[in-house]
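**Q** Following this message is one structure expressed as structure tokens.
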Amino acid sequence: MDAKTRLDRDALVDSFDRVASDLRVSVTDRCHFRCRYCMPPEGLPWLPKDQVLSFEEITRITGILVECGVRSLKVTGGEPLVRRDVASLVRMLRGLGDDLDISITTNGFLLAQNAAELRDAGLDRVTVSCDSLIKHRFKEMTLRDALDEVLEGLRVSAELGLTPVKINTVVLRDTNEDEVANFAQLARDTGYEVRFIEYMPLDAQDDWSAQGVVPGAEILERIGEAFELVPDTDDQPEPSTPFRFADGAPGRVGIIPSVTQPFCDSCNRLRLTADGALRACLFALEETDLRGPLRDGASDDDITELAKACVAAKWSGHRIGKADFIKPSRSMSMIGG
Ligand code: SAM
């Protein structure tokens, strides 16, 4: 069977005609940051090592999904760079296709020392999470005094061409919303793209409340008071429209308004957890175990069928803020953000 026939037959399509083409691959549930909207100070019960997929297992599953039309791979966690030798995994994933877009989402702490090896292994670009540009506030929000290392990771990545360098900033009410224009200034100064994320009910502690969410519209208004923005639509499909600066300054800003303006209708994402479960939605209440079948000798066709069934059952959208919303049993760091 040629690649095209197989791709058409095995495309990962759900019952609303959305096609899954973007895979987030979690390589660990562990992290050395304790972002207060993500996990408690004491951490979480980590997965036993034997339950975590090996790089070979990740590559085999990813290869099957690539044959089904996945084109974009994001290595994530937990914190992906706490797992030893992630560059080897990137090299193995790159072997699945030169045309794949391969990126990593990291807290940035170990990035400066790993960026060159990751690039040489075939990484295209990085996304770094950073919620404050104020040293003491960064420490309060993450419980790690690590702003300098994160900024250095960003700088080194840009220098090495791991671009566009993106920053993910979760905006919390009464915490860091006063910094959004400063982040926009950073984008202008450096050419980074800063994406502001609405706080989602995916924290392990169950502290989320609607009052903690700063709506994307308010974030844009705050930035707009400092800099005129123009929608920048020359782009791949994104969860939100990125904006450039009207005066031609470099960099961009964007909003990921998962709570106030969910982008479920155009969602093309799929997630593979560190322990080998496939999830068609971040908020899914059900997931498909691929590790068990894989270790029991399942064929590529068996795994394809499981993946197709998982995607086919994807629901129309999440129900955050609605009376019938049910929080998934795994939190963000356990799923893979
Ligand atoms: N450790 C990596 C990092 O820091 O980017 C990857 C995993 S982290 C779970 C992925 C993203 O999820 C980060 O940008 C983080 O800020 C975001 N995140 C975690 N909990 C969240 C929540 N409750 N609401 C919104 N975003 C969240």
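The values are calculated or read from the model by the stated rules, or taken from the named source; none is laboratory data. From a predicted model like this one, the values you see are computed outputs, not experimental measurements. With ideal geometry, Cβ positions are generated from the backbone for all residues, glycine too; neighbour counts draw on all protein chains shown. Side chains are part of the model used for accessible areas, which takes the heavy atoms of the whole protein and leaves out ligands, DNA and RNA. Shrake-Rupley method; radii C 1.70, N 1.55, O 1.52, S 1.80 Å.
**Q** Would you confirm, using the coordinates I've provided, whether P257 is in contact with a strand residue (DSSP E or B) (Cβ under 9 Å, 6 or more places away or on another chain), open to solvent by 30 Å² or more (accessible area, probe 1.4 Å) and within 16 Å of the ligand (Cβ to nearest atom)?
**A** no
**Q** Okay, moving on. Being among the aliphatic types (A, V, I, L, M) and in a loop (DSSP other than H, G, I, E, B): is that true of A309 here?
**A** Here the answer is no, as A309 does not meet what is asked.
**Q** Another one. Give the number of residues within the range 63-112 that are within 12 Å of S26 (Cβ to Cβ) and either touching a residue at least 60 places away in the same chain (Cβ under 8 Å) or of a type in the set (D, E) (or both).
**A** Result for the range 63-112: 6.
**Q** Suppose we keep only residues that are of a type in the set (A, V, I, L, M, F, W, C) and away from the ligand (no atom under 13 Å from the Cβ) within the range 144-164. Which one would you say is most open to solvent (accessible area, probe 1.4 Å)?
**A** L151
**Q** If you don't mind, another one. Looking only at the range 113-136, filter to residues that are assigned to a helix (DSSP H, G or I) and free of Cβ contacts under 8 Å to residues at least 40 places away in the same chain; which one of those is least open to solvent (accessible area, probe 1.4 Å)?
**A** Among them, the one singled out is A121.
**Q** Return the only residue of G122, G108, G97, G77 being within 16 Å of R155 (Cβ to Cβ) and either out of contact with any Asp or Glu (no Cβ under 9 Å at 6 or more places or on another chain) or not hydroxyl-bearing (S, T, Y) (or both).
**A** G108
**Q** Any idea how many residues of the range 85-111 are closer than 21 Å to M332 by Cα, out of contact with any Cys (no Cβ under 8 Å at 6 or more places or on another chain) and part of a loop (DSSP other than H, G, I, E, B)?
**A** 2
**Q** Can S316 be described as in a loop (DSSP other than H, G, I, E, B), touching a strand residue (DSSP E or B) at 6+ places or on another chain (Cβ under 9 Å) and hydroxyl-bearing (S, T, Y)?
**A** Spelling it out, it is not the case that S316 is in a loop (DSSP other than H, G, I, E, B), touching a strand residue (DSSP E or B) at 6+ places or on another chain (Cβ under 9 Å) and hydroxyl-bearing (S, T, Y).
**Q** Specify the residue that is surrounded by the fewest Cβ atoms within 10 Å (Cβ to Cβ); the eligible residues are those in the range 199-213 that are more than 7 Å from the ligand (Cβ to nearest atom) and farther than 14 Å from F325 by Cα.
**A** Q211
**Q** Further question: Contact list please: Cβ distance under 7 Å, first residue in the range 174-200 and in contact (Cβ under 8 Å) with a residue 60 or more places away in the chain and aliphatic (A, V, I, L, M), second residue part of a helix (DSSP H, G or I) and away from the ligand (no atom under 12 Å from the Cβ), pairs at least six apart or on different chains.
**A** Qualifying pairs under 7 Å: A184/I223; A184/A226; V194/F183; V194/A184; V194/L186; V194/A187.
**Q** Moving to a separate point now. Can you tell me which condition K139 does not meet? The list is (1) out of contact with any Asp or Glu (no Cβ under 8 Å at 6 or more places or on another chain); (2) away from the ligand (no atom under 14 Å from the Cβ), and all the others hold.
**A** The single condition K139 does not satisfy is (1).
**Q** All but one of (1) at pLDDT 95 or above; (2) open to solvent by 40 Å² or more (accessible area, probe 1.4 Å) hold for I219, so report the exception by its number.
**A** For I219, the exception is condition (2).
**Q** A follow-up question, please. Which strands (runs of 3 or more DSSP E) sit wholly inside the range 180-281 and have at least 2 residues that are out of contact with any Ser or Thr (no Cβ under 7 Å at 6 or more places or on another chain) and within 24 Å of D29 (Cα to Cα)?
**A** Those strands (runs of 3 or more DSSP E) span 269-272.
**Q** Same structure again: Has the range 271-289 got at least one residue that is closer than 22 Å to V13 by Cα, open to solvent by 40 Å² or more (accessible area, probe 1.4 Å) and touching a residue at least 60 places away in the same chain (Cβ under 8 Å)?
**A** No, because not a single residue in the range 271-289 is closer than 22 Å to V13 by Cα, open to solvent by 40 Å² or more (accessible area, probe 1.4 Å) and touching a residue at least 60 places away in the same chain (Cβ under 8 Å).
**Q** OK, next. Are any residues in the range 293-317 free of Cβ contacts under 8 Å to residues at least 60 places away in the same chain, under 25 Å from the mean Cα position of the chain (by Cα) and open to solvent by less than 50 Å² (accessible area, probe 1.4 Å), and if so, which ones?
**A** C310, G317
**Q** When the residues of the range 319-337 are narrowed to those that are in a loop (DSSP other than H, G, I, E, B) and near the ligand (Cβ under 8 Å from one of its atoms), which ends up nearest to F263 (Cα to Cα)?
**A** Checking each candidate, the answer is G337.
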